[in-house]
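One structure below.
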Amino acid sequence: MQAYLYRLSGDYNPLHADFNIANAVGYERPILHGLCTLGICAASLVTHMMGGDPAPLRSIKARFSKPVIPGDSLRVVFYRDSGDSAEMVRFQCWAAKGRVEESRGDSSAFSRLVVTDGVATIDRAGKAKL
């Protein structure tokens, strides 16, 4: 279902929705849109690094290194890099096949690095320029 929602962004690539196309290019099933993966990273950043307030987020970018399959568990890891008034947060995202209960100490299951070189800029001092 998510694949059809993300088509609203203008990405009509059948690799995200069509099992036959996904199989033809070597995937077991359609892959998740990169925009969805980035959105999961951004939501995690807002929740864990910004106290739930998205207003100070100025920019976010990343490189997708491997595909995410719908149903994979994702783990986002953040690294702070403070500047003057803006704070840079670097991040990576790791995937594990299926559902993983990290609370049981099963973080070793996250063996696939799917997002690298992630950088978000947070401006806690300034106001949104919208």
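The values are calculated or read from the model by the stated rules, or taken from the named source; none is laboratory data. All values reported here derive from a predicted model rather than from experimental measurement. Cβ sites come from the backbone with ideal geometry, for glycine too, and all protein chains shown count toward neighbours. Surface areas here come from the heavy atoms of the whole protein model, side chains and all, with no ligands, DNA or RNA. Shrake-Rupley method; radii C 1.70, N 1.55, O 1.52, S 1.80 Å.
Just to be sure before I move on: is residue 10 at positive phi, modelled with pLDDT under 90 and either surrounded by fewer than 18 Cβ atoms within 10 Å (Cβ to Cβ) or out of contact with any His (no Cβ under 6 Å at 6 or more places or on another chain) (or both) in the structure I sent? The answer is yes for residue 10.
The rows are residues; the columns are (1) exposed (fewer than 12 other Cβ atoms within 10 Å of the Cβ); (2) closer than 23 Å to residue 121 by Cα.
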{"residue": "4", "(1), (2)": "yes, no"}
{"residue": "40", "(1), (2)": "no, yes"}
{"residue": "53", "(1), (2)": "yes, yes"}
{"residue": "57", "(1), (2)": "no, yes"}
{"residue": "61", "(1), (2)": "yes, yes"}
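Once region 80-91 is narrowed to residues that are assigned to a strand (DSSP E or B) and open to solvent by less than 50 Å² (accessible area, probe 1.4 Å), the residue that is modelled with the highest pLDDT is 91. Being closer than 28 Å to residue 28 by Cα, open to solvent by less than 60 Å² (accessible area, probe 1.4 Å), modelled with pLDDT of 90 or more and assigned to a loop (DSSP other than H, G, I, E, B) holds for only one residue in 76, 68, and it is 68.
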